[in-house]
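**Student:** My questions all concern the structure below.
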C-alpha cells in the first residue's frame with residue numbers, strides 16, 4: 001500500500017495537517033515528525049512509514065483519551081468525536097477506544113446508569129433519554145440502564161415542584177401556567193404535572 005500526500009498545511013503551533021486526498025486531513029503531526037518521516041506534498045508514504053505514523057498516533061490518541069477521562073466520565077462517542085476533531089486517523093482512534101474499553105475506563109452502560117441516577121430527581125425519563133442520545137448512548141444500552149434504575153417519575157416531579165415552587169397553591173393562574181410550561185420543557189407530561197399539582 002502506498003499513499004500519496006496531496007497537501008501539508010500549517011495547523012497550530014509546531015503542528016501540520018497531512019492530506020492524502022482533497023477531502024479532510026488524514027492526520028496531524030508535529031513539524032519535527034514531518035521532517036523525521038520525510039513527508040512532502042506529492043511524495044509517497046510507504047506502508048512501513050505509514051505504520052510507524054499510525055503507531056505513534058495510536059499511543060498519542062490513547063494518552064489523549066486518558067487525559068480527557070481524568071476530568072470527567074465520557075461516552076465512547078464523546079471520546080471518538082474529540083479524537084476526530086484532533087485529526088487522529090481511524091486506526092489510532094480504534095486502538096485508543098479499544099484500550100479504554102478493555103481497561104473499563106469507558107463503559108457506556110455504566111455512564112448511562114450513573115447519569116440516570118443523578119438526573120432522575122429533576123428530569124423526566126424522556127429528557128434523560130434525549131440527553132443520553134446526544135452523548136452517543138445507543139437505544140439498547142439506554143433501555144438496559146433504565147431497567148437497572150428504579151425511577152419513579154411522579155415522585156421526581158413531586159420533589160421538583162416542592163423544592164422549586166413551595167407555595168404553588170398560592171400562585172396565580174398565570175404563574176401556575178408558567179410553572180407547568182417549565183416542567184413540560186423538562187419533558188414531564190401535562191397530565192402528570194396536573195395530577196401532581
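The values are calculated or read from the model by the stated rules, or taken from the named source; none is laboratory data. Computed from a prediction, not measured in an experiment: that's the story for all the values here. For neighbour counting, all protein chains shown are included, and Cβ atoms are generated from backbone atoms with ideal geometry for every residue, glycine included.
**Student:** In the stretch 10-43, which residues are assigned to a strand (DSSP E or B) and surrounded by 12 or more Cβ atoms within 10 Å (Cβ to Cβ)?
**Tutor:** Within the stretch 10-43, 15, 16, 17, 18, 19, 27, 28, 29, 30 meet the criteria.
**Student:** Scan the stretch 100-114 for residues that are out of contact with any helix residue (DSSP H, G or I) (no Cβ under 8 Å at 6 or more places or on another chain) and surrounded by 21 or more Cβ atoms within 10 Å (Cβ to Cβ) and report the count.
**Tutor:** So the answer is 1.
**Student:** Additional query: Report whether or not residue 156 is in a helix (DSSP H, G or I) and modelled with pLDDT under 85.
**Tutor:** So residue 156 fits the description; yes.
**Student:** Hey, residue 122 hits all of (1) surrounded by fewer than 18 Cβ atoms within 10 Å (Cβ to Cβ); (2) outside any loop (DSSP other than H, G, I, E, B); (3) modelled with pLDDT under 85 but one; which does it fall short on?
**Tutor:** (2)
**Student:** Residue 19: at positive phi and out of contact with any helix residue (DSSP H, G or I) (no Cβ under 8 Å at 6 or more places or on another chain), yes or no? Walk me through it before giving the result.
**Tutor:** Working: at positive phi: no; out of contact with any helix residue (DSSP H, G or I) (no Cβ under 8 Å at 6 or more places or on another chain): yes.
In short, no.
Conditions (1) part of a loop (DSSP other than H, G, I, E, B); (2) at pLDDT 95 or above; (3) buried (at least 16 other Cβ atoms within 10 Å of the Cβ); (4) more than 14 Å from the chain's Cα centre (by Cα), marked per residue:
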residue	(1), (2), (3), (4)
55	no, yes, no, yes
58	no, yes, yes, yes
67	no, yes, no, yes
80	no, yes, yes, no
84	no, yes, no, no
88	yes, yes, yes, yes
95	no, yes, yes, yes
98	no, yes, no, yes
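**Student:** Among the candidates 154, 162, 143, 174, single out the residue that is surrounded by fewer than 17 Cβ atoms within 10 Å (Cβ to Cβ) and under 28 Å from residue 79 (Cβ atoms).
**Tutor:** Unique residue meeting the criteria: 143.
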